[in-house]
């Protein structure tokens, strides 16, 4: 089981200080052997991070091994072309370590099929040359006609090559989005908080991300259902990476949202989650009070993470 970290930015500190504390912990986690760093897209508070791709691109210079994951990414604050570009830049800069987890449609206030179309679009943008897309919510290029095939379509084979500078002023019917990422298919995750989009994610091989706000038993039940839907769709568990984000308080009592207890208690519960629900990636959501506690990170790595890898 991989182990990563995510953070709640300290809203009691100036943004530069809150962000610097998280960046320092990313460096520490990289040195200690953690697997990933996840930065949530968030707005509304001074120290929130509305542009996690930029934050993680800076982190790529300071952490040489961590997987760098955007999480909570929304689809209604920018054009999907821009979204594909920002992940591609992060992936190129980090030499293939980028990934993105999209926020649940309900949390964004968008229809589920809008979110699904965006995911389909960005995956095509990363891996295809010229293409066009026609959906209910997205159309690329904008002049794509209503009679174009739904979803992704590619141009027919050309009889002759025509250089781009000879295309003239008209916008082509099929376009390429650049740059392409270092990894042709950066990992994509979708936040699962209920069963609304769960079946779609399983059918399309999109990995589930269960956020910390979902109670533990409910989270495991959702992941177990996802595994069943994945099998029903004829897909292998090896295609996906189910992610469970949790608040963790080592050595302290836990509850329905917080994993607590001794080292043994944590290992037993997390190994059970792997067997019952197929959890392959644990993300420890760090509170402001925990951020900066390198001793805590070191103890967890040596006493819990190593046993989860066994």
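Looking at 265, 255, which one is loosely packed, with under 13 Cβ neighbours inside 10 Å and over 29 Å from residue 19 (Cβ atoms)? Show your work before the answer.
Numbers: 265 fails: loosely packed, with under 13 Cβ neighbours inside 10 Å.
The match here is 255.
Can you find even one residue in segment 159-173 that is surrounded by 14 or more Cβ atoms within 10 Å (Cβ to Cβ) and either within 26 Å of residue 76 (Cα to Cα) or modelled with pLDDT of 85 or more (or both)?
Going residue by residue through segment 159-173, those that are surrounded by 14 or more Cβ atoms within 10 Å (Cβ to Cβ) are 172-173.
Applying the additional criterion that residues be either within 26 Å of residue 76 (Cα to Cα) or modelled with pLDDT of 85 or more (or both) yields 172-173.
So far as segment 159-173 goes, yes, one or more of its residues are surrounded by 14 or more Cβ atoms within 10 Å (Cβ to Cβ) and either within 26 Å of residue 76 (Cα to Cα) or modelled with pLDDT of 85 or more (or both).
Condition check: over 29 Å from residue 224 (Cα atoms), at pLDDT 95 or above, in contact with a strand residue (DSSP E or B) (Cβ under 7 Å, 6 or more places away or on another chain) and crowded, with 16+ Cβ neighbours inside 10 Å. Does residue 131 satisfy that? Break it down stepwise before answering.
Details: over 29 Å from residue 224 (Cα atoms): yes; at pLDDT 95 or above: yes; in contact with a strand residue (DSSP E or B) (Cβ under 7 Å, 6 or more places away or on another chain): yes; crowded, with 16+ Cβ neighbours inside 10 Å: yes.
Answer is yes for this residue.
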Contact list, first residue from segment 74-102 and at negative phi and free of Cβ contacts under 8 Å to residues at least 12 places away in the same chain, second anywhere and buried (at least 23 other Cβ atoms within 10 Å of the Cβ) and assigned to a helix (DSSP H, G or I), beta-carbon distance below 8 Å, six or more apart or interchain, is none
Note down all Cβ pairs under 8 Å where the first residue falls in segment 23-42 and is under 14 Å from residue 284 (Cβ atoms), the second is in a strand (DSSP E or B) and at pLDDT below 95, and they're at least six residues apart or on different chains.
-> none
Got at least one residue in segment 138-156 being within 24 Å of the chain's Cα centre (by Cα), in a loop (DSSP other than H, G, I, E, B), under 20 Å from residue 78 (Cβ atoms) and in contact (Cβ under 8 Å) with a residue 24 or more places away in the chain?
-> yes
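Inside segment 112-135, can you point out the residues that are part of a loop (DSSP other than H, G, I, E, B) and either touching a residue at least 24 places away in the same chain (Cβ under 8 Å) or more than 27 Å from residue 192 (Cβ to Cβ) (or both)? Let's see the steps before the verdict.
Keep residues of segment 112-135 that are part of a loop (DSSP other than H, G, I, E, B), which gives 128-130, 135.
128, 129, 130, listed by residue number.
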Failed item in (1) in contact with a strand residue (DSSP E or B) (Cβ under 8 Å, 6 or more places away or on another chain); (2) surrounded by fewer than 17 Cβ atoms within 10 Å (Cβ to Cβ), with residue 119 passing the rest | (2)
Considering only residues that are buried (at least 18 other Cβ atoms within 10 Å of the Cβ) and assigned to a loop (DSSP other than H, G, I, E, B), look in segment 102-111 and name the one that is nearest to the chain's Cα centre (by Cα).
-> 103
Does residue 237 satisfy the condition of being in contact with a helix residue (DSSP H, G or I) (Cβ under 7 Å, 6 or more places away or on another chain), loosely packed, with under 15 Cβ neighbours inside 10 Å and within 23 Å of residue 67 (Cα to Cα)?
-> yes
Mind checking which residues of segment 202-227 are surrounded by fewer than 23 Cβ atoms within 10 Å (Cβ to Cβ) and assigned to a strand (DSSP E or B)?
-> 207
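The values are calculated or read from the model by the stated rules, or taken from the named source; none is laboratory data. None of the values given here were measured: they were computed from a predicted structure. Glycine also receives a Cβ, built like all others from the backbone with ideal geometry; neighbour counts cover every protein chain displayed.
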